[in-house]
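Step one of this worksheet: look at the structure below.
The values are calculated or read from the model by the stated rules, or taken from the named source; none is laboratory data. A quick note: this is a predicted structure, and the numbers were derived from the prediction, not measured. When we count neighbours, we look across all protein chains shown, and the Cβ atoms used for this are built from the backbone with ideal geometry, even at glycine. Note: areas computed on protein heavy atoms with side chains; ligands, DNA, RNA excluded. Shrake-Rupley method; radii C 1.70, N 1.55, O 1.52, S 1.80 Å.
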Amino acid sequence: MNEELIRKVIAEVMAEVATGEGKKAPKAELSAPAAGIKITELEKATKGTSPKEVVLAVTPGFGVHFQGTIVDVPHGEVIRQIMAGVEEEGLTCRVIRVYHTADVAFMAHYAAKLSGSGIGIGVLCRGTSVIHQRDLAPLNNLELFPQSPLLDAEAFRAIGRNAAKYAKGEQPVPVATRNDPMARPRFQGLAALLHNKEMRYLDRKRPPMEVKVEFTH
Amino acid sequence: MAMELNEQMVAELVRQVLKGVNGAQGAPQVQKGQGGLGAGDFPLAAKRPDLLTGPRGKKFEELTLDNVMSGAVAFEDFRITPQALEYQAQVAESAGSPHVARNLRRAAEMTRIPDERVLEMYNALRPHRSDKAELLAMADELEKKYEAKICAAFVREAADVYERRHLLKGDLPEA
Amino acid sequence: MAVNKKSKRFEILRQRDVHKDGFIGEWKEVGLIAMGSPNDPRPSIRIEGGKVVEMDGKKRADFDMIEQFVADYCIDSSVAEEAMAKSEKELAHMLVDVDVCAKEIRRIFLGLTPAKLSAVLDCLNIVEIMMAMQKMRVRQMPGNQAHITSATDNPIALACDAAEAAYRGFLEIETTVAVTRYAALNALSLLVGGQVGRPGILSQDALEESFELQIGMKGLTAYAETVSVYGTESVFVDGDDTPWSKSFLASAYASRGLKMRFTSGTGSEVQMGAAEGKSMLYLEAKCVMITKGAGVQGLQNGSISCIGVPGAVPSGIRAVAAENLLTMILGLEVASGNDQTFSHSDLRRTARTIPQLFAGTDLIFSGYSGVPNYDNMFAGSNWDIEDVDDYLALQRDFRIDGGLRPVLEADVIAVRNKAARALQAVYDELGFPAITDDEVEAGTYANGSKDMPPRNIPEDLKAAERIMKEGITAVDVIKALAKRGFRDVAEALVMMMRQHVSGDYLQTSAWIDSEGYVWSAVNDPNTYAGPGTGYQMSDERWEEIKAIPWAINPEDV
């Protein structure tokens, strides 16, 4: 995330606070050019039957109100890489949008429960991701990627690949992630800000929806 | 060699400083708890070892390396008893920590519950794990099987709170 | 003036480390504010028949689970009306007035509500917070805790670093894992290495909560602290617990003779997007009160793993000091943070530690990285072992006791070597993958895991599994040590096992000295009442702190 974008987010928040606009539900835009993706909402998401699918859950703001992760990986690229990773292993990836929670563990667990293979992935706008399996406790997981600033395009591809491998019943080597002790001082405050922005697009009563994803560049 | 000297020296210094402070200030208010023991009896291992035993009746002074090596003392003997927890509760009360005493008295009751069952009960008390009847049944088990009256009342109270705050099993939307 | 011309000075400033840190403006609506949010409730209380029926503007029927727990288990209803009638300024004044004793403050403050407590602390500036800390810390002697971890979970490195940390003066050592399945072996390394370094040191293994309890039941750890509580109902439930389940767990620990403390910290709720618009300190007041209500003896707080959040907003580090103080006010042991990377700027990270270091707390760090930060599996601490001479210099500069002592290189080498050999013997006796003499040598002289030869990880993991499956306990370790000539270390382990029988170290702020004697708030309570009172460094301790080995001795020149 570059300085300009940070400024923009903060300025936007400040403006909303000043005008009290934040109290109203923000209007839903349906595409964001810089994200490189067009998301069209279809019907209510249902439980799949194909053992060859992995379900990917994103939040309502993903690719709409936010364009990229905390380190500027465009949201289109995030989905493209995850899908490519899943497809590399010969499986397919179905995308849903979860409205009732932005807790990435619960999102991924929900995706896993809808997935024909029992494997789901959850991704937040800032990039934080989880690979989940439907029979695990929600706060348990197969793989957790809590440090969003360290996730690049390659990492998202590996996440897709590993999710597909779990779906095939394999025990893959966990995705190697970097450990950067200085990510916290740099990004944690911003991550909290972004998460609170993301939460504003939730609708506790709305069920998860199936979505169609088109890449625009 | 130098190392061992330093170690001993430091240990001795720390002890002197602290024992000195205690002596000079007379700080702990030695005020007997209702059950008998007070802050002045602390630490029990040094001041009241006569009151301490392992769960199979081994005396505190018998818990030595030689007895471990000979097999006279086993792992099972290194476990706290409900009596010791009650004494510590009295010490905590006398030192002005009734909250700690309350926790230690719950703990005294829980010494009677096997390790695995304790872990299961903890998990059953987590949100959205149990319905009200299951929690109440667990409270009955605590009271009847383990004579754990305080814990039983605590679980019954949790059942009411969980019901009011929608934290019981089934209160969560299912996929 | 040219429009696009840049100032050379500002160019330099932009390159400074402090510009790598994230700073964020306040966003009160969601609770991205350290203290005193306009959304914090106005303090109020109503008592009927000894029961709290209204608290901070809310009727009992509307209490969430946290409010009900705090009202029933923490607040002293017999003093609440008297306490709440006092003004915030008056209460704040009591905290800094050396003539008002800690006991009286606790009596009154246990009658206050979360909104009142946080509002009182908002009246104090940072120096006043430190003055109050000096008086309110429950135990007289300050202390310190270290993190001992390894990026490769190298058992020899862990044992050597544990021994060195114990020898340097830390009262407690805490480990966690790079690979989860190593957990039992890491606990073993800390147990053996720690008792070599200084008999009596307390060790813990921060993992999933039921595992922590199991490993403690085996006698391989002495205590636990990563038992988290939160200040809003939704975050608490998302953390998969309630105040009742956490209290039950706390009693389970005590029932097995194990010390434990809870963990909480400012910023965790807003980080989860569920602060309900409340300030970080107001929500933390609830966490401290939950801990008190549960009857747990202590709390690790000071934002902990969320430090980047209060660290990014105005007055955030003051709030972090205030939450430590609040813990002390309610009579709890505090392990006061400073345990996570906080800033790229050496100036900022030093300043962040000053309140706890200068005032003194039960455990100033929770913990100080006893290994280089690249090996720190808690994602890095605010200070690491490579900063330790700076730390010793600060103790000496300001004549403060930060819990550490200067050491000689030869002594550290000797203690590390003994730890490695003791672990080598234990592994051999238990039939675990051999520790070679080369590994002992490497561990003796290593700075971090990069200096260690690689281990056969799958084989080590089998040994870790054996500990859990075959019921290997501390007694097996004791026998192995004694059999192989490490009788003194075996004696130290027996002494630690006796603590599980006496339960002395379950009392507030307990630590264990080299002879197994337990010191706590019961027999070493803080007696501060102005200059010349409270913790006074002995002459011997001051001589020790003065004697940094690299200072020039005037007689030698």
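Some observations on this one:
- Dipole of chain C, positive end: most advanced residue of C:Ala359, C:Val494, C:Ile385 [Cβ charges, Cα centre]: C:Ala359
- Total buried accessible area between A and C, probe 1.4 Å, nearest 100: 2400 Å².
- Here the accessible area is traced with a 1.4 Å probe on the protein chains. For region C:401-482, carbon and sulfur cover 50 percent of it.
- Cα gyration tensor category, rounded, prolate or oblate, for region C:121-248 with a/c compared to 1.5: oblate
- Chains B and C together, accessible area buried on both sides, 1.4 angstrom probe, square angstrom: 7200
- Per residue, the convex hull around the alpha carbon atoms of the protein assembly as shown comes to 184 Å³.
- Bridge type composition, the protein assembly as shown - antiparallel percent by DSSP, nearest 5: 50
- Kirkwood-based Rg to Rh ratio, region B:114-175, C-alpha trace: 1.00
- Note on region B:114-175: with charges restricted to the Cβ of Lys and Arg (+1) and Asp and Glu (-1), its dipole about the Cα centre is near 140 debye.
- Take the Cα of C:Ala85, go 7 Å toward its beta carbon, and the backbone nitrogen atoms of region C:37-73 under 14 Å from that spot belong to C:45-47.
- For A:Asp180, the accessible area of its heavy atoms, probed at 1.4 Å with every protein chain present, is near 60 square angstrom.
- Nearest-10 value in Å² for the accessible area of B:Leu104, using the 1.4 Å probe: 0
- Listed by chain and number, the lysines whose C-alpha is less than 19 Å from the C-alpha of A:Lys197, apart from same-chain residues fewer than 8 away, are A:Lys8, A:Lys23, A:Lys24, A:Lys27, A:Lys205, C:Lys28, C:Lys278.
- Once the chain from C:Asn39 to C:Asp62 is taken as fully extended at 0.36 nm per residue, the excess over their C-alpha distance is 6.5 nm.
- Mean projected area of the Cα convex hull of chain C, taken over all directions, amounts to 29.9 nm².
- Under the combined filter of DSSP loop state and at most 11 neighbouring Cβ atoms within 10 Å, region C:81-186 retains none of its chymotrypsin sites (Phe, Trp or Tyr not before Pro).
- Ligands, DNA and RNA aside, A:His217 has an accessible area near 140 Å² when probed at 1.4 Å.
- Nitroxide proxy distance, nm - points 7 Å out along Cα→Cβ at C:Asn447 and C:Thr533: 4.7
- Of all lysines in the structure, the ones whose alpha carbon falls short of 22 Å from that of C:Lys462, not counting any fewer than 8 places away in one chain, are C:Lys218, C:Lys479.
- Other-chain or far-sequence residues with amide H under 5 Å of C:Thr175's (modelled H): C:Ile148, C:Gln204, C:Asp205, C:Ala206
- Take the Cα of C:Lys8, step 7 Å toward its Cβ, do the same at B:Glu116, and the gap between the two points is 7.7 nm.
- Dipole of region B:114-175, positive direction: furthest Cα of B:Asn123, B:Ala152, B:Met138, with charges on the beta-carbon: B:Ala152
- Chain lengthening between C:Ala178 and C:Val557 when straightened (0.36 nm per residue, less Cα-Cα): 131.6 nm
- The Cα center of region B:61-123 and the Cα center of region C:316-343 differ in position by 30 Å.
- Qualifying lysines (Cα of each under 26 Å from Cα of B:Lys144; at least 8 residues distant if same chain): B:Lys132, B:Lys169, C:Lys246
- Whether region A:119-171 is rounded, prolate or oblate, judged on the alpha carbon gyration tensor where a/c under 1.5 counts as rounded: oblate
- Radius ratio Rg over Rh of region C:60-156, counting only Cα atoms, Kirkwood formula for Rh: 1.15
- Our helix-only sum for chain C, with -39,500 (n - 2.57) per DSSP H run of n ≥ 4 divided by its residues, gives a mean residue ellipticity at 222 nm of -14000 deg cm²/dmol.
- Among C:Leu394, C:Leu191, the sequence by solvent-accessible area, most first, with a 1.4 Å probe is C:Leu394, C:Leu191.
- Ordered by solvent-accessible area of protein heavy atoms (1.4 Å probe), largest first, the residues C:Val179, C:Val237, C:Val227 come out as C:Val179, C:Val237, C:Val227.
- Three principal axis lengths of region C:18-88 [C-alpha, angstrom, descending]: 56, 27, 19
- Three-way shape label, region B:40-127, alpha-carbon gyration tensor, a/c 1.5: oblate
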